[in-house]
Each structure stands twice: as structure tokens, then as C-alpha cells.
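Data first, discussion second: the structure below is written as C-alpha cells.
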Amino acid sequence: MKTFEELGVAAPILKAIQEMGYENPMPVQAEVIPYLLGEDNDVIALAQTGTGKTAAFGLPVLQKIDVTNVQPQALILCPTRELCLQIADDLNDYSKYIDHLKVLPVYGGSSIDTQIRALKRGVHIIVATPGRLIDLMNRKVVNMEGVRSVVMDEADEMLNMGFTDSINAILAEVPTSRNMLLFSATMPQGIARITKQYMNNPKEIVVGNKNEGSKNVKHISYMVHARDKYLALKRIADYNPNIYGIIFCRTRKETQEIADQLIQDGYNADALHGELSQAQRDYVMQKFRVKNIQLLVATDVAARGLDVDSLTHVINYGLPDDVESYTHRSGRTGRAGRSGTSIAIIHLREKGKIREIERIINKKFEPGVIPTANEITEKQLLSLVDRIEKAEVDETQIESFLPAVLRKLDWLEKEDIIKRIMTLEFTRIFKYYAEAKEIETIADRPRGERGERGERGERGGRVTTPGFKRMFVNVGRMDGFMPNNLIELVNIHIPGKVRIGKIDLMKSFSFFEVEENEAAKVSQSLTGTELYGKRISVEIADDKAGGSREGGRGGRGGRDFGRRSSEGGRGGRGGRDFGRRSSEGGRRSSEGGFRKDRKPSGEFKEYSRSNKREGRNRY
Ligand code: AMP
């Protein structure tokens, strides 16, 4: 398999996708990228969501943009507002290091005037739903003359939604000399007509198979001390603000207890198990289906009656006794072409089961590291920003109140307003996580093994680049340590050229990579030097007991990561798509819905998992 570089992806895009954790091209990318980088090459791809198609068309489209020529050069059509925003977001991420490149999503249901103003300011790529684009074309505010690439994503969906005429009208306006790419999950007659009329000898490719759901599932294991399992669960939920998932527990008792505790801590959760009446179960399932519940805590048996395709996560709160059940659990996510994540929160004694499961699913678990307080806070903040950005504004509702509000806020700068919103939304989470102790993730692999796998965990559980050694240094972000400090230290204290690989800055310590043959020299030369008055110590991380940082924060210089913290509640998460907020500042209905006023709870009591006592209680 070729690398992105070998496929012809240019340096600034490479840098951005590497930061996103894209290490190797997915099959559709390997096929499509080099082809689309050529001129006048058309492609029809039969591909589902989750196959990596956005980058497959996005990277070549971005690479071909001439930023100095401010006019639309690429047009991406897709059926829905959500997809439109998602594609625009992805393109923005991929083009992080291309200065001044402008991507504009245009879709129905939001202010056309704002979109017109943005078009007038100048854009390079338009991501559009067909209806809104036609509106804009009729108003003569879109200039199609410079369009060199056209992408139709989920083309079959666009036809199903009745956009055939709009698509024909749009394509008729686009210059004939351009690359055109059509993605579709099925190939109905309507698509054949479009391809015949507008495409030039297209290359046809088929990616994946409709029913290969399990291929889209990433498996991550977090190994923690038994006493930290619940805290780990909460951190994982907090780190994924848009999580919509099932937490599988082994017994009815545990299911109810975890659900109760989550509700008490302010999560949007509920329990599903056999002790509930049929009517209660139906009610919970219905609430979950319509996303009034974000986290469903369930036993295996009770969850069988539930068919939901759009789960983002399945969480195994401990592994099932019967390892085969893991396949059923994890198969509930990654469905209908979507990608999903199956997480196992386990303790040391379950390590053997992980190996058994790996054999059955024929896939390796990625070792996850419990997110730090800082990482969670950052993720939550970005999620809020994202919600603000994507909020569907009801212009008519707001219109009459707006002047008064604007008058009142007139004295505040934009930055002040943003700061205030963040403070209001996050006081609790800032406070809670500022005080929370970190949770130790226990190393689960022999030393060095992870370094060879070339993978990243869900939140960047990094592994060493082949040919490099991972080094530990005793300064981190809290010391003000930045990558340029490391480079300066190396330049000052080590003669000759030293290649530095990935740098991971942690709170109070950091890791960086150097070429294997330089590792000893770097350690010797830097140890004993000073930075900000602190004595620097650099060691080869792999040589330390406990393996790499990915698995073992504990074990470093007497650091006390292992202790049970007293963390209980969590701050408001915003509850984005999960139900309405009432006017009382975020409290939802009493049905266990989203509440903004989560209160930190006290210690979470440890549940006995004695089979003898609870075995009969299953389901
Ligand atoms: P898509 O089919 O474009 O929606 O992509 C599915 C998921 O795969 C998204 O979360 C992408 O960020 C991710 N993804 C796409 N390409 C890669 C890659 N080469 N390596 C890792 N993840 C990828």
C-alpha cells in the first residue's frame, strides 16, 4: 500500500492529515487520489459512508486549488445540510496549513443573505445542497466559470430527494473541462443517465461491501484499576461530547447502579434490563431511539430488542463472560456504512479475555489512554464552539428580539461575548476538572510492542515511528515547555544535526522521538541542562519500567497517578442534539434527560462483581 506522499499528496495537506492521525490511505483514497490529481479524470465510486471518501475527493480537490485566484474552483454537491457541514469541516481540517483557502458550505434553511455575503467576499470551494445552490445561481451570485472539479456525494440520495432537475441545471452551468467524481451507495438508472450525459469515460471503482459493518468498527481497550472503572467511563463520555451509545454491563444490578450513578452525576442516561416491566423497557428504548437518552446502560439480553443504526459508541463496562457476546455488542455500532467505536474498560485480570476476543474478531484492540482533565476540557470547549458555528438560526423567531439584545451587548467586543458564553457553559467543568486527579491507564502490552504497530489510539495514544526512539523529558506544558524549547535545547547542547520526530507534550512531562542511533547521545547531552531554572532529565522511554507512556503514566518517577480520585460529577456538556432545553437554563424533562446543572457527586461506591452472588441476576 502506498503512502499519502507516494500518492502525490502535497506537504501542507500531509502535515494536516498526519496530525489528524491518518497514517495510511484507506483503499478508496489509494485509488482515487492519484487519479483525481491528474487532469480531466472522472470517477464513479460505489462507496458507503465510513470508507474514507471525503478525504479521497477532498485532498485532490484542495491540492488543485490556486489560492491566488479567488473564485469558485471546486463544487461539491451533497444531499443534506449535515453532510454539507461535515464535508466543509473536513476540508477545513485538511487545509489547515494552506493559507487563505476558503471553503463555503451553502445549504437551505439558513440565511441566504449571509451566504451571499460570504460568496461576495470570495471562496475557492463551495459545498452545497442542490436546491440552495440553484437559488444562489438564479440570483447570479455564483460564478461557475472557474470550476475545475465537481464532486457529487451520496448521488443516489440526492436523486431520491428529488434533486434531479437541480443537478442537471447545475451541471449544465459548469465548464465541460473539469474532473468529475460521483459517489453513490447504489447505482440506480438516474445515476447512469447523469454519468452518461456529464462524465467522460469515468473510471469505476467499488469500495467495501454494504454489509461489512464490523469493518468500520474501531476497538479500543482502556485498562484501569477496578476502582477507577466508573471514573474512566465518565471521562470517556466527557471526551466524546456527541456520544450516542450503549454501555453494556454484566448484571442487572450493575446496569441499574451505573445508570443511577450516571443520572445522579448529570448524564443523559437510563437503564435497560430484565427487571423492568415490558412497558418500562419499551419506554426507555423509545427514548433512546429518538435520542432523548444519550447513554443507555443495558444488559446484553435486554438490548437485543433494540435496533438502532446510528450508535457512535458501544462501551463494554467490563467484558462479557462469554467472549462471543463481544462480537454482538460491538456489531451494534459501525452499521449502515457508518463508522463506530467499541470501547472496553477493563481491569488487569481481564487482559487474557482481550486476547481471546482479538482472535475471534480478527482485529487488534488499540490501547487507549484515559483522557486528561485538560484534554477533556479542550474537547468540550471545541464542541461548544462547533455547536455555535453550526447552530441553525431561526431568523424569523429571533428577528423581533434581536435589536434589543444587540443594543444591550453593544458595549462588549466579540471576544468578551465569547468569553462570557464559555464561562457560563463551562464554569462547572472547568472547576471539576481543575480539581480532578488523573486516572492511571495500566500498560497492557509488553515493552516496545506498540512502537511497531504504527497506529494511534482514539485520542492519540501515540506509538514510536519506526527507526526512532521515544524519549522522556521531565518538563511539560505546565512548565511552559513548547516544541521550540526542545529544538533550542538540542541545538545548543548537541553538536551536529539531530532529527526530531513526533513530540507529545503532557502536563508535567513530555515525549519526543529521535533517531535510534542518536538516543543515547541525546539523553546524555541534555540530562543536567537547565530550562526555566529546572534541571532537565532525558531518558529513553522504552527503557523505563512499564513500557511506553501510552500504557503507563504511573511508574514514572514516583508520580501518583494511580490513586483513586474523588471525582464525581461533571460539568455541563451542552447536550447538543439530545433533546430540547427548557427555559430554565438547560434542565430537561424529568425523564432522565439532559441537565445542565450537574453536580459533582461524592465517591462512587465500588460494586461487587462476584459471579456467585450476581450470576443469577443477569438480564
Ligand atoms: P468518511 O467516509 O469520509 O466519512 O470517513 C470515515 C472516517 O474515517 C472519518 O472519521 C475520517 O476522519 C476517517 N478517515 C478517513 N481517512 C482516514 C485515514 N486515511 N486514516 C484514518 N482515518 C481516516
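What the table shows:
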{"item": "Formal net charge of residues neighbouring G496 (Cβ-Cβ distance under 15 Å; K, R +1; D, E -1)", "result": "+1"}
{"item": "Most to least packed among 503-509, 198-204 [average Cβ atoms within 10 Å]", "result": "503-509, 198-204"}
{"item": "13 Å beta-carbon shell around T164, net charge (K/R +1, D/E -1)", "result": "-2"}
{"item": "For the stretch 119-182, alpha-carbon Rg over 2.2 N^0.38 Å", "result": "1.08"}
{"item": "Cut-off 11 Å between beta-carbons: net charge of the residues surrounding N517, Lys and Arg +1, Asp and Glu -1", "result": "0"}
{"item": "Chain lengthening between L424 and E6 when straightened (0.36 nm per residue, less Cα-Cα)", "result": "145.7 nm"}
{"item": "Simple spin-label estimate for V141 and T68 in nanometres, 7 Å along Cα-Cβ", "result": "3.0"}
{"item": "For peptides 30-39, 530-539, 255-264, sequence by mean Cβ density within 10 Å, most packed first", "result": "255-264, 30-39, 530-539"}
{"item": "Relative counts (whole %) of C-alpha pair distances in the stretch 4-206, using bins that are 5 Å wide", "result": "1, 8, 17, 22, 23, 16, 9, 4, 0"}
{"item": "Rounded Å value of the spacing that divides the Cα centres of the stretch 247-294 and the stretch 319-381", "result": "20"}
{"item": "M187/D93 FRET efficiency (R0 22 Å; Cβ-Cβ; nearest 0.05)", "result": "0.15"}
{"item": "Scaled radius of gyration (Cα, divided by 2.2 N^0.38 Å) that the stretch 107-249 gives", "result": "1.50"}
{"item": "Footprinting exposure proxy for D394, D135 (fewest neighbouring C-beta atoms within 10 Å first)", "result": "D394, D135"}
{"item": "Estimated translational D of the stretch 464-518 in µm²/s (Stokes, Kirkwood radius over Cα pairs; 10 °C; 1.306 mPa s)", "result": "139"}
{"item": "Cα gyration tensor category, rounded, prolate or oblate, for the stretch 1-117 with a/c compared to 1.5", "result": "prolate"}
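Rule-based calculations on the coordinates, nothing more; no lab input. Everything numeric here is computed off the predicted structure, so don't read it as measured data. Positions of Cβ are generated from backbone atoms using ideal geometry, with glycine treated the same way; all protein chains shown enter the neighbour counts.
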